[in-house]
Amino acid sequence: ATAKTSGVGRYIVNLLTALSQLTDVHFVLLVGNSVHPQLTTLANSQLVPVGDRGDQPGYTQRLHWEQAELAGLLRKVSAGVYHATWNYGVPWNCPCPAVVTVHDLLPLRYPQQFGSRKFRLAFSVGQYLALIGAKRIITGSFASLSEIRRFAPWVVRKAEVIPYGVES
């Protein structure tokens, strides 16, 4: 989550703030160039900067980083579980069990509204790799679960609605 917090950013900050209260778990947070201040003070956590590699200007560059470099980074930090918090980002060769949070599948539902054909293809590939590669899929609403059922019915058995929490 960056210093400029979106809805997904708030989800990430609030989720990590709550989870950091667990004393028997250590979190490694892969962070870009702009880190939300709340994430710098979490208990039981370590920040690992990835610079702009995970937040590339184009989705095709981000997809390349996710699929070519992220698994190596997860091995390096000895990740026990990896949580991709923003729809996609699970490498095909993930070295540990992965969870992906799917907020929505709008680029699949309304492709004409989401940029070039190249972007839509890269997004679709990244999205399907995440859905297939994740051990568990969580989503905040039954509407998003319905989208998962529509676009990837073969993964719905590992999907579950976990409503978004509220701030303290």
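The values are calculated or read from the model by the stated rules, or taken from the named source; none is laboratory data. Keep in mind it's a predicted model, so treat the numbers as computed, not measured. For neighbour counting, all protein chains shown are included, and Cβ atoms are generated from backbone atoms with ideal geometry for every residue, glycine included. SASA here: full protein model, heavy atoms, side chains in, ligands and nucleic acids out. Shrake-Rupley method; radii C 1.70, N 1.55, O 1.52, S 1.80 Å.
Accessible area per residue for the chain, computed on protein heavy atoms with a 1.4 Å probe, is 56 Å². Just to confirm the number: angle between the C-alpha axis of helix 142-151 and the first principal axis of the chain, 0 to 90 degrees, nearest 10? Computed tilt is about 50 degrees. When the solvent-accessible area of segment 35-168 is split by element, carbon and sulfur atoms take up 57 percent of it, the probe being 1.4 Å. Helical content alone sets the calculated 222 nm signal of the chain at -10500 deg cm²/dmol, taking -39,500 (n - 2.57) per DSSP H segment of four or more residues and averaging over every residue. The order of the peptides 26-35, 94-103 by mean Cβ neighbours within 10 Å, most packed first, is 94-103, 26-35. Inter-part distance, segment 59-100 to segment 18-54, computed on C-alpha centroids, equals 16 Å.
For the chain, the residue among HIS26, TYR164, GLN67 whose Cα projects farthest onto the positive side of the dipole built from Cβ charges is GLN67.
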